[in-house]
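Derivation of every value follows stated rules applied to the coordinates shown; laboratory data play no part. Just so it is clear, the model here is predicted, and its values are computed rather than measured. Counting neighbours? That spans all protein chains shown, and the Cβs are built from the backbone with ideal geometry, glycine included.
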Amino acid sequence: MNPSKNADAVMEMDTSSHAEWQEPPTLTVDERGMICDCSKAGEKLFGYSLRDLVWQHVSELLPELSGIQLVKNGRLNSQLGFLSRCGQPFLAINRPGSICLNNLHFVLLNYAGKYAIRVTVQPC
């Protein structure tokens with residue numbers, strides 16, 4: 001193969017067909033489930049501003065997380081991790097009251113001994 005031909009082919013690619021990268025909808029909640037942060041994409045998905053969401057319980061948006069202990073013994077609740085890896089859809093409710101199914105991905109964060117969970121929301 002001629003490397004210069006490959007470079008020419010790359011230069012001729014139609015870049016207008018490439019989708020722009022978009023920030024995924026994310027929520028950051030403390031270990032009690034209180035919302036600490038929400039991405040712009042999360043604000044758009046749920047129909048709330050960050051100011052409206054801060055210190056609200058995550059179950060207001062994701063009702064299936066009601067009553068679930070998110071962190072156990074310094075680790076993410078294993079049931080949540082399992083359901084996330086299996087692709088179990090979770091219900092989400094936005095401001096107008098519409099319900100949709102979403103896959104959730106959880107990441108445990110540790111800030112100087114305090115835990116938070118980053119929840120990435122992936123609409124089904």
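Mind listing just one residue for me: the one in segment 95-124 that is in contact with a helix residue (DSSP H, G or I) (Cβ under 8 Å, 6 or more places away or on another chain) and part of a strand (DSSP E or B) and, of those, surrounded by the fewest Cβ atoms within 10 Å (Cβ to Cβ)? It comes out as Pro123. Is it fair to say Ser49 is small (Gly, Ala, Ser) and surrounded by 13 or more Cβ atoms within 10 Å (Cβ to Cβ)? When the stated conditions are applied, Ser49 does not pass them. Residues in segment 68-94 that are in a loop (DSSP other than H, G, I, E, B) and within 14 Å of Val29 (Cβ to Cβ): 4 in all. Scanning segment 33-51 for residues that are farther than 12 Å from Leu61 by Cα, part of a helix (DSSP H, G or I) and charged (D, E, K, R) yields a total of 3.
For segment 23-41, filtered to residues that are within 18 Å of Tyr111 (Cα to Cα) and without any contact (Cβ under 8 Å) to a residue 40 or more places away in the chain, the residue that is surrounded by the fewest Cβ atoms within 10 Å (Cβ to Cβ) is Arg32.
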